[in-house]
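Everything on this sheet refers to the single structure shown next.
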Amino acid sequence: MQRILVVDDEDGIRDILRQYLEFEGFACVEAADGEAAVSMMKNDPVDLILMDIMMPVCDGITALRRIREFSDVPVILLTAKGEEYDKVFGFDLGADDYVVKPFSPREVMSRVKAVLKRTSRTEPEDDSVYRFRTLEVNQKSYVVRIDGQKVDMTPKEFELLNFLIQNKNTVITRDTILNKIWGYDFYGDSRTVDTHIKMLRASLGEYRDLIKTIWGVGYKYEEY
């Protein structure tokens, strides 16, 4: 559950925002001034901050500047009409958005969701890297690692392994492997495939059993 820190010296505003945030499925924590917000962020970071600019003890701009010294957490500033300078200054310090008071709680929720979506740190999974337990096969760099250690492997061994992985759980005939890896103009025979399978298994060590022999047909890559 994503956690939102609401920073405002007005109890009523914090209460309203907390109710709407919790209704939307967020966990909400509160601070009554910027000093408390900075302290909370150092000890118990959140996913986003909703912070008023005009507060006693430590205002929102000062708090934002101090938070940016150690965190890039998304921040939405709550501003009053006529505080144009503060809004621009806030953006210069790294604020992600602002909402003008008096505001609609629903608008604030929309801004929160939009900023969280835009600043999400989730990285797309790299489908060019195959992983099984401690085996890692990088299709871009032609590097195979086991337990973090690089495995010495010939280019043809790698191409053979990668082709079998791409056709996981499918029986591939020797002729198909020969044509795919060595090409139609290759003058060898199926024993070339068998020899390289033997070499590949030796290179894979503890993972040699991933490559199954289907007698009379060919080979299959199958996780266990």
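Numbers below:
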{"item": "Count - residues of the range 17-38 that are closer than 11 Å to Gly60 by Cα and part of a strand (DSSP E or B)", "result": "0"}
{"item": "The range 1-10 - residue that is within 22 Å of Ile61 (Cβ to Cβ) and among the charged types (D, E, K, R) and, of those, surrounded by the most Cβ atoms within 10 Å (Cβ to Cβ)", "result": "Asp8"}
{"item": "Filter result for Arg174 (farther than 26 Å from Val129 by Cβ and either touching a strand residue (DSSP E or B) at 6+ places or on another chain (Cβ under 7 Å) or not assigned by TED's automatic domain parsing to the domain that holds Glu136 (or both))", "result": "yes"}
{"item": "Selection from the range 1-16 of residues that are in contact (Cβ under 8 Å) with a residue 24 or more places away in the chain and either part of a helix (DSSP H, G or I) or among the hydroxyl-bearing types (Ser, Thr, Tyr) (or both)", "result": "Ile13, Ile16"}
{"item": "Residue in the range 51-74 that is among the charged types (D, E, K, R), in a strand (DSSP E or B) and touching a helix residue (DSSP H, G or I) at 6+ places or on another chain (Cβ under 7 Å) present", "result": "yes"}
{"item": "Total residues in the range 135-145, condition touching a helix residue (DSSP H, G or I) at 6+ places or on another chain (Cβ under 7 Å) and surrounded by fewer than 17 Cβ atoms within 10 Å (Cβ to Cβ)", "result": "2"}
{"item": "Test: residue in the range 154-166 that is outside any helix (DSSP H, G or I), in the same structural domain as Arg133 (by TED's automatic domain parsing), out of contact with any Phe, Trp or Tyr (no Cβ under 7 Å at 6 or more places or on another chain) and touching a residue at least 12 places away in the same chain (Cβ under 8 Å)", "result": "yes"}
{"item": "Output for the range 12-26, where each listed residue is under 29 Å from the mean Cα position of the chain (by Cα) and either over 15 Å from Glu107 (Cβ atoms) or not assigned by TED's automatic domain parsing to the domain that holds Met109 (or both)", "result": "Arg18, Glu22, Gly25, Phe26"}
{"item": "The one condition in (1) assigned to a helix (DSSP H, G or I); (2) at pLDDT below 90; (3) among the hydrophobic types (A, V, I, L, M, F, W, C) that Ala95 fails to fulfil", "result": "(1)"}
{"item": "Checking Leu48 against (1) buried (at least 18 other Cβ atoms within 10 Å of the Cβ); (2) touching a Gly at 6+ places or on another chain (Cβ under 9 Å), the condition it does not meet", "result": "(2)"}
{"item": "Qualifying residue in the range 29-43 (condition: surrounded by 19 or more Cβ atoms within 10 Å (Cβ to Cβ), modelled with pLDDT under 90 and of a type in the set (Val, Ile, Thr))", "result": "no"}
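The values are calculated or read from the model by the stated rules, or taken from the named source; none is laboratory data. Computed from a predicted model, the values in this text were never measured in an experiment. Cβ sites come from the backbone with ideal geometry, for glycine too, and all protein chains shown count toward neighbours.
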